[in-house]
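Here, each number is a calculation from the coordinates, and none is a lab measurement. Values in this document were obtained by computation on a predicted structure and should not be read as measured data. All Cβ positions, glycine included, derive from the backbone under ideal geometry; neighbour counts span all protein chains shown.
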Amino acid sequence: MKHIEGHKHLLECRCVLPQFQDRDDLVFHRFSAFSTCETFPTLDRQMENEPPFTFHESIVACPNCSLLHKVTGFCRSTIMQEDDAGISVNIDDLRVGMPADLVSVLESYDCDLPVWQEAKFAWAADAARNVALSKTDSGRHVLMKLLVMNPGGRYSIETRKYQKTI
């Protein structure tokens, strides 16, 4: 039996943020992406020497330079041609069909594309999932606002405090 999973991961672009342009060792921009994969029972797939999941490819734009990336795996992408502009998913595409109150929450926290994708994924799958809306590092602690999503279309916002060191 197959199962769809969604995960956030980082992609690396070939652009460099302005604060890193004067460095001798280039630091390329990394940005967050959300992708899905279809998982399968591992025994069946192992007998056929196939990976235990099938990655769903997507197209995302770098938030720094707008260069398009074809996401081919978790933390893997290839640069696309410039004439493919307009084919990447954007927040307006994700708003369609989502409940107005969920859209309102995501807008009020000024969430980026991967957060919208994760929230829509959880809502559409009617799955239990915690989606990070914001994160503040206070030195010793990390404060997070989470969108706690539950089956049945119920969700709430919770604040959680995590200690960074023991």
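For the reader, a short list of remarks on this structure follows.
- At full extension, residue 154 and residue 101 could sit 18.0 nm farther apart than now, given 0.36 nm per residue minus the alpha carbon distance.
- Relative to the current alpha-carbon distance between residue 165 and residue 15, full extension at 0.36 nm per residue lengthens the span by 50.6 nm.
- With a simple spin-label model that places each label point 7 Å from the Cα along the Cα-to-Cβ direction, the separation between residue 7 and residue 39 comes to 0.9 nm.
- Within-10-Å neighbourhood charge of residue 142 [Cβ basis; K, R +1; D, E -1]: +4
- Length-normalised contact order of the chain in % [C-alpha pairs under 8 Å, at least 6 apart]: 14
- Each other residue within a Cβ distance under 15 Å of residue 74 adds +1 if Lys or Arg and -1 if Asp or Glu, for a net charge of -1.
- Cys residues of the chain counted as unpaired, since no other Cys beta-carbon is under 4.7 Å: 37, 75, 111
- FRET E, pair residue 125, residue 24, Förster distance 45 Å, beta-carbon r, rounded to 0.05: 0.45
- Partners of residue 161 within straight-line reach, counting lysines whose Cα lies under 29 Å from its Cα and excluding those fewer than 8 residues away in the same chain: 8, 120, 135, 145.
- Summed side-chain charge close to residue 101 - residues other than residue 101 whose Cβ falls under 13 Å, Lys, Arg +1, Asp, Glu -1: +1
- Residues residue 57 and residue 81, FRET efficiency given R0 of 25 Å [Cβ-Cβ distance, rounded to 0.05]: 0.95
- Extension gain, residue 141 to residue 70, is 22.0 nm, computed as 0.36 nm per intervening residue step minus the present C-alpha separation.
- Electrostatic dipole magnitude of the range 110-166 [Cβ: Lys, Arg +1; Asp, Glu -1; Cα centre; debye, to 20]: 280
- Ordering of 117-128, 132-143 by packing [mean C-beta count within 10 Å, highest first]: 117-128, 132-143
- A dipole drawn for the chain from +1 and -1 charges on Cβ atoms has a positive end, and of 16, 152, 103 the residue lying farthest that way is 152.
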